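Take a look at the structure set out below.
Quick note: the coordinates plus some simple rules give every number you see, no bench work behind them. What you are looking at is a predicted structure, and each value in this text was computed from that prediction instead of being measured. Virtual Cβ from ideal backbone geometry, glycine too; neighbours counted across all protein chains shown.
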Amino acid sequence: MTQQWPVEVVLPVQWGDMDAFQHVNNVVYLRWFETARIAYFARVGLPTAAGSTAPGPILARATIDFRAPVLFPDRVTTRTRVLKIGTTSFTMGYQVVSEKLGVCAEGEGVVVMFDYATQAKTPVSAELKARIAALEGRQL
């Protein structure tokens, strides 16, 4: 874990992650981002259980910039951090680092705070902002 990337998850590349083009399929990167994002949510106390009606996060947008094709066998470290916080959403940055290749992908995800009971956006609370700032070691 680095201060710049407060949450890191190490994952093995699975044989089944590869596709007909003989590299890890692009959808797998989204799963790697998701795994790191959920680990981040757990660290700041956001709900991650299915079926919750409490306000919680919902992914609104995801982007990926591919830098190098990952192959089996390998291990990757997926890193995440919060880049900025808005009124009802925050933007997360992601980085995937292969043990063999170095940085192989980067991306972002816009996470909206969502009231599942009313099916509407809700503000990012001051409490959540404070927990994110504490984890990040900086004000956003």
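Below are the figures for this structure:
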| item | result |
| --- | --- |
| C-alpha long axis of helix 126-136 to longest principal axis of the chain, angle in ° | 30 |
| Placed amide H near VAL82: partners under 5 Å, 5+ positions off or other chain | GLY93 |
| Helix 26-44 vs. the chain, principal-axis angle (Cα, 0 to 90°, nearest 10) | 40 |
| Highest-first arrangement of 94-100, 48-54, where packing means the average Cβ count within 10 Å | 94-100, 48-54 |
| Simple Cβ-charge dipole of the chain, Lys/Arg +1 and Asp/Glu -1, about Cα centre, in debye nearest 20 | 360 |
| CD proxy at 222 nm, helix term only [per DSSP H run n ≥ 4: -39500 (n - 2.57); per residue of the chain; nearest 500] | -7000 deg cm²/dmol |
| Table column - 3J(HN,Hα) (Hz), the stretch 56-64, Karplus curve with 6.51, -1.76, 1.60, x for Gly and Pro | x, x, 9, 6, 9, 7, 9, 10, 9 |
| Cβ-based exposure ranking for THR118, THR78, in which fewest neighbours within 10 Å come first | THR118, THR78 |
| Partner lysines for LYS129 [C-alpha distance under 21 Å; skip if fewer than 8 residues away on the same chain] | LYS84, LYS121 |
| Whole-Å semi-axes of the stretch 7-136's equivalent ellipsoid (Cα gyration tensor) | 29, 15, 12 |
| Gain in span if fully extended, LEU30 to ARG138, counting 0.36 nm per residue against the direct Cα distance | 36.2 nm |
| For the stretch 101-107, Karplus couplings with θ = phi - 60° (6.51, -1.76, 1.60), whole Hz, Gly/Pro x | 10, x, 5, 10, 6, 9, x |
